[in-house]
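Shown next, in structure tokens, is the structure this report addresses.
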Protein chains: 2
Amino acid sequence: MTASPQSPADLYDLLCHRARETGQFTAILGLLEWDERTKMPPAAGEHRAEQIAFLAGQIHRRQTDPELGGWLAELAESDLAADPHSDAGANIRLLQRDYDRKTKLPQELVEELSRLSVVGQQVWAAARANDDFAAFLPVLEKTIALKREEAAAIGYDDTAYDALLDEYEPGETTANVARALEGLRDALAPLVQQIVGSEHGPSDEILRREFPVDQQDAVGREAAAAIGFDFMSGRLDETVHPFCATAGPRDVRLTTRYQPHDFGDAFFSTLHEAGHGLYEQGLPPEQFGLPIGEATSLGIHESQSRMWENQVGRSRAFWQFMLPRAAKAFPAVLSGVSVDDFYAAANTVAPSLIRVDADEVTYNLHICIRFDLERQLIDGKLAAADLPEAWRAAYQDLLGVTPPNDAQGVLQDVHWSGGSFGYFPTYALGNLYAAQFFAQAARDLGDLDAMFARGDFEPLLGWLREKIHRHGRRYSAAELVQRVTGRPLSHDDWLAQNRTKYGELYRL
Amino acid sequence: MTASPQSPADLYDLLCHRARETGQFTAILGLLEWDERTKMPPAAGEHRAEQIAFLAGQIHRRQTDPELGGWLAELAESDLAADPHSDAGANIRLLQRDYDRKTKLPQELVEELSRLSVVGQQVWAAARANDDFAAFLPVLEKTIALKREEAAAIGYDDTAYDALLDEYEPGETTANVARALEGLRDALAPLVQQIVGSEHGPSDEILRREFPVDQQDAVGREAAAAIGFDFMSGRLDETVHPFCATAGPRDVRLTTRYQPHDFGDAFFSTLHEAGHGLYEQGLPPEQFGLPIGEATSLGIHESQSRMWENQVGRSRAFWQFMLPRAAKAFPAVLSGVSVDDFYAAANTVAPSLIRVDADEVTYNLHICIRFDLERQLIDGKLAAADLPEAWRAAYQDLLGVTPPNDAQGVLQDVHWSGGSFGYFPTYALGNLYAAQFFAQAARDLGDLDAMFARGDFEPLLGWLREKIHRHGRRYSAAELVQRVTGRPLSHDDWLAQNRTKYGELYRL
């Protein structure tokens, strides 16, 4: 602890220096995780888990250091913190927020949750493989109990779920999210029924032809580069589950996966991860390690991936640009295919059991189900033992499908086993934010389709950089949406866009 | 600082815990450096340099922590340290050695050397590119002055060079190395003259045919796996300069480089790095992060790479096993080639200007020249300004070649620009250790050639694991050579092996 009085400016420099050092550890952690999933030799896994736990412990120790808390308390009183959205004001305010959140949790609870998360994921993986929900139930019950303890330690105004949601979507409330998602659900269910009932649905047969993997990789890279992903500051590798990892301010790594008879899986995964990557590459590098150098929420992150995947990548205009390029790589299966036919094939809708395989439209219903169920679990309105039955009823009700077993039902996702309650809604929020931002970009920029059709994505990317990326965490998701679009979060734009698009494709 | 008295066993546990944590950082550093040279996006270099410097600083801080020094002082008096070669005794003794060495250096000198090393390598790279020794001279002079300061801070009995050599070859003395290398040089120079004068030299034309790079990669992997490199605990990638990096106890990463018209360059580089990798994979994993889990010296490390590259990989018996496999991969250029012809092609000797391209025989003369010159520089017997002239004279004298310029002469190696004085002799020591160990292995194991010819490398690897690898730093290089071979370091075995081999190949 330093005893001598220091000027706020000196103290802020100290604070930034400390945070940047912690940011180095976080970036290194990003590399360790990327390496684990892409390059690491198989036998190294056990030691890598120790490395990651050790580094995570170092980061936690630094983030909860009482000296840091002392600096923050002093700086909060200074002029530097007067404007909460200035660089210094935002950094001080958000480091304070992170410090408070982390120091509110008793060390024992943190360690118990961390241990349970590791065990929980192992137990869940076995339970899913054996379609044995009963085997997962005890660990799920214990996890829910600990998450309630976590919420109580952090504190909340309205519902315990608020405190959990706040970790992933800072400043957002359960009531507000529920308003948006329940409104979406009520409007979406009939739209899906209409689509399912249509006799004019397109087929995705074109995408199921034979697409050699090497050319898929080349076309995916071409598309990612075309929308602006900078391969000098990033790379693309192959993994089982696509992801985007950051190992430094100019080091953003995407992964995707290739299947020879499914062009869409890899291509739209690549666009999706490239969308995440564009956000990471657009954060201000000079603020790396500080809050302004970080993404503001999972929902906003997902809005960037979804916009490039769906609003851009599944548009007719995009394929006016991209199809001739893809046809050059796959002349045997794509020569003679029209833009309209390809566009239709890339936009088929069918209710299904598995979230990660769902189309753009039904995806949100999968999220509504999870959001609803996990709130009830946390609030104690639903017993974990009754979850499979509630799951089946919800799927039958909203999607018209019933899981034949729990492996394809309630056991399909890893999130709950690792304690990630409050994470699911950010996927749907991402879709809504994406639609709302995109509608605003069209108002601000003019004819986006004309730009996409000639491969000009720079205006849209520049707009996103200016309005969203460069601010990092300066504004919360809710503030950002209000600032950028002049309105609060709503499902209106998403519904309008999809009603038009699928109304035309399915002749509703 | 802990005030309560603790049992030596408890204190030793604390010590080990601390050292293992530091070992985690060191392993992560290994991964960062591997990634930088293999996978990292180009624009990420600046930040990676900061990451590496930050992590190196964290490691240094931990290794020089006064609390660690207190523990070591207390443990040195305990029964645990009584046997200097027991697990605990060796770990305590060697951590003490490292602590003493690092804490003897003033922090200012460490930082000045670190800064100068970065600048020095940049200046050197430009000077080499422009063939401009004068541009490099000031930084070289400054480096030499600082290395003398370093030696003075560390202390030495005989010559300042002792203190520098000791960093790379702990416990070894300049006088002892000089005895071995000068004896080698005096016997080797006439052997090279004989070889050069022979009218019966083989040609390496076979190795200069067209070898498609993908198959080179497959054959290199097959050979590395055959000698025992475990790809479950390691991998092989492509880089400009081959190296071996360790990122964990079961995570050893090799690199090599492929040229379509030089089969030997990649193949023997792969064997060489696999030899380093086998040593790393043979260190006791339960001692990872502790001295017994580390290699004992650079010379011993090089002995492992050189033995697999030269004593094994350039033997006739090895190619009895390997040539049919290589011919299957390269039928167009290798079918019909005899083992004798291939073996001869893999063992051509020709004095040349560049160390890293030198053959097995003349390589040691390149090292003798550097060892001689760098000792004179450190002792002040040679002014840095006179180095190019001394270099040319030595090359003319020992190898019969004269560099046409400094870029291909005194500026060819990076070592001095980074302050690595005392490093060069470990390359030649590695050759001598390799020969001495190999001669002993042949005495202990019987007909090694018969084993190699049938692809059975397990007896030799098992012998190395038992005699050398599993001990880590328990014994110094000098102790190890004495224990394993019953004799001190000598150039006798190296000379005997090479006189026989090249006498036959060149009909001397």
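How large is ³J(HN,Hα), in whole Hz, for each residue of segment A:59-74 in order, when computed from phi with the Karplus curve 6.51 cos²θ - 1.76 cosθ + 1.60 and θ = phi - 60°, using x for Gly and Pro?
Per residue, the Karplus-derived 3J(HN,Hα) values read 5, 4, 4, 5, 6, 10, 4, x, 4, 4, x, x, 4, 5, 4, 5 Hz.
What nm distance separates the two modelled labels at B:D237 and B:A383, each placed 7 Å from Cα along Cα→Cβ?
Going from the B:D237 label point to the B:A383 one covers 4.6 nm.
Between copies, how close do the A:R115 label points come, placed 7 Å along Cα→Cβ, listed in nm from shortest?
4.9
Working from the alpha-carbon coordinates of segment A:255-410, get Rg over Rh, Rh being the Kirkwood radius.
On the way: Rg = 19.4 Å, Rh = 18.4 Å.
Looking at segment A:255-410, the ratio lands at 1.06.
Which whole-number percent gives the relative contact order of chain A, counting Cα pairs below 8 Å spaced six or more residues apart? Provide the component values of the computation, followed by the final result.
Values: 724 pairs, mean separation 106.1, N = 508.
Relative contact order for chain A comes out at 21 percent.
Given a cut-off of 16 Å, what percent of all Cα-Cα pairs of segment A:8-104 lie beyond it? Each step should come with its number before you reach the end.
Numbers: 2779 of 4656 pairs.
That tail contains 60 percent of the Cα-Cα pairs.
State, to one decimal in nm and shortest first, how far the label point of A:D397 sits from each corresponding label point in the other identical copies (label point: 7 angstrom along Cα-to-Cβ).
In ascending order, 9.4 nm.
Using the Cα centre of segment B:8-104 as the reference point, and only Cβ charges (+1 on K/R, -1 on D/E), how large is the resulting charge dipole? Debye, rounded to the nearest 20. Let's see the in-between values first.
Working: 12 positive and 17 negative charges, 92 e Å.
Once rounded to the nearest 20, the dipole reads 440 debye.
Restricting to segment B:181-274, compute how many DSSP beta bridges are antiparallel as a %, nearest 5. Can you show the working numbers first?
Values: 4 of 9 bridges.
Bridges in segment B:181-274 that DSSP calls antiparallel: roughly 45 percent.
Please figure out what share of the DSSP beta bridges in the protein assembly as shown is antiparallel and state it in percent, rounded to the nearest 5.
45
Can you give the mean number of other chain Cβ atoms that lie within 10 Å of the Cβ atoms in peptide B:43-54? Walk me through the numbers on the way to the answer.
Working: counts 11, 13, 3, 4, 10, 6, 0, 6, 9, 2, 1, 5.
What the average comes to for B:43-54 is 6.
Could you grab the Rg to Rh ratio for segment A:123-207? Cα atoms only, Kirkwood for Rh. Mind dumping the intermediate values first?
Details: Rg = 19.6 Å, Rh = 16.8 Å.
That ratio is 1.17, to two decimals.
As a test of understanding, state the convex hull volume per residue of the protein assembly as shown from its alpha carbons, in Å³.
Values: hull volume 204.5 nm³, N = 1016.
It is 201 Å³ per residue.
Below 15 angstrom from the Cβ of A:L508, what's the summed charge of the other residues (Lys, Arg +1; Asp, Glu -1)?
Values: positive: A:R499, A:K501, A:R507; negative: A:E199, A:E504.
So the surrounding residues net to +1.
For a label point 7 Å from the Cα of B:R179 along Cα→C-beta, name the residues of segment B:374-410 whose backbone N is under 11 Å from it.
So the set is empty, nothing qualifies.
For segment A:453-508 and segment B:304-364, what is the separation of their Cα centres, given in Å?
Between the Cα centre of segment A:453-508 and that of segment B:304-364, the gap is 63 Å.
Distances longer than 34 Å among the Cα atoms of chain A: what percent of all pairs is that? Please report the intermediate quantities before stating the final value.
Details: 49232 of 128778 pairs.
Looking at chain A, the distances longer than 34 Å represent 38 percent of pairs.
To the nearest whole number, what is the average tally of beta carbon atoms from other chains within 10 Å of the beta carbons of peptide A:24-31? Write out the running numbers ahead of the final one.
On the way: counts 8, 5, 0, 5, 9, 1, 0, 9.
Neighbouring Cβ atoms belonging to other protein chains average 5 per residue here.
Any idea what the A:P190 label distances to the other copies are, label 7 Å down the Cα→Cβ vector, nm, shortest first?
Nearest first, the other copies' label points are 10.5 nm away.
Give the lysines reachable from A:K39 as a straight Cα distance under 21 Å; neighbours fewer than 8 places away on the same chain don't count.
Counting by Cα, and skipping residues close in sequence, A:K39 has these lysines nearby: B:K39.
May I ask you to sort A:F288, A:F229 by Cβ crowding, counting other Cβ atoms within 10 Å and putting the fewest first?
Values: A:F288 23, A:F229 27.
Fewest-to-most Cβ neighbours within 10 Å comes out as A:F288, A:F229.
Given A:A73, A:L55, A:P84, which one lies farthest toward the positive end of the charge dipole of segment A:38-117, if we put +1 on the Cβ of every Lys and Arg and -1 on the Cβ of every Asp and Glu?
The residue sitting most towards the positive pole is A:L55.
From the residues A:A126, A:G400, B:F330, which one has its Cα farthest along the dipole of the protein assembly as shown in the positive direction, the dipole being from +1 and -1 charges on Cβ of Lys/Arg and Asp/Glu about the Cα centre?
Of the listed residues, the answer is B:F330.
Just to confirm a number: summing +1 for Lys and Arg and -1 for Asp and Glu over residues other than B:A450 whose beta-carbon lies under 13 angstrom from that of B:A450, what do you get?
Details: positive: B:R316, B:R454; negative: B:D447, B:D449, B:D456.
Counting the neighbours of B:A450, the net charge comes to -1.
For B:K142, list the lysines whose Cα falls under 29 Å from its own Cα; do not include residues on the same chain fewer than 8 positions away.
B:K102, B:K104, B:K381
Mean separation of Cα pairs under 8 Å and 6+ residues apart, divided by the residue count of segment A:350-508: what relative contact order is that in percent? Don't jump to the answer; show the numbers that get you there.
Values: 113 pairs, mean separation 34.0, N = 159.
Answer for segment A:350-508 is 21 percent.
Under unit Cβ charges (Lys, Arg +1; Asp, Glu -1), what dipole magnitude, rounded to 20 debye, does segment A:226-330 have relative to its Cα centre?
Numbers: 9 positive and 12 negative charges, 89 e Å.
The calculated dipole for segment A:226-330 is roughly 420 debye.
Put +1 on the Cβ of each Lys and Arg and -1 on the Cβ of each Asp and Glu in the protein assembly as shown; which of A:C368, A:T64, B:I206 then has its Cα farthest toward the positive end of the dipole?
Going by the charge dipole, the pick is B:I206.
To the nearest 20 Debye, how big is the dipole of the protein assembly as shown about its Cα centre, given +1 on the beta carbon of each Lys and Arg and -1 on that of each Asp and Glu? Before the final figure, lay out each step's value.
On the way: 96 positive and 152 negative charges, 211 e Å.
I would put it at about 1020 debye.
Give me A:H261, B:H272 sorted ascending by neighbouring Cβ count inside 10 Å, so fewest comes first.
A:H261, B:H272
Quick one: A:M40, B:M451, fewest Cβ neighbours within 10 Å first, how do they rank?
Ranked by crowding around the Cβ, least crowded first: B:M451, A:M40.
Can you give the calculated 222 nm mean residue ellipticity of chain A, where each DSSP H run of n ≥ 4 adds -39,500 (n - 2.57) and the sum is split over every residue, rounded to the nearest 500 deg cm²/dmol? Each step should come with its number before you reach the end.
On the way: 21 runs with 314 residues, N = 508.
Calculated from helices alone, the mean residue ellipticity at 222 nm is -20000 deg cm²/dmol.
When Lys and Arg each count +1 and Asp and Glu each count -1, what net charge do the other residues less than 15 Å away from B:R115, Cβ to Cβ, add up to?
Working: positive: B:K142, B:K147; negative: B:E50, B:E108, B:E111, B:E112, B:E149, B:E150.
In short, -4.
Computed from the coordinates by the stated procedures, all read-outs in this text should not be read as laboratory data. All of these numbers come straight from a predicted model, not from anything done at the bench. For neighbour counting, all protein chains shown are included, and Cβ atoms are generated from backbone atoms with ideal geometry for every residue, glycine included.
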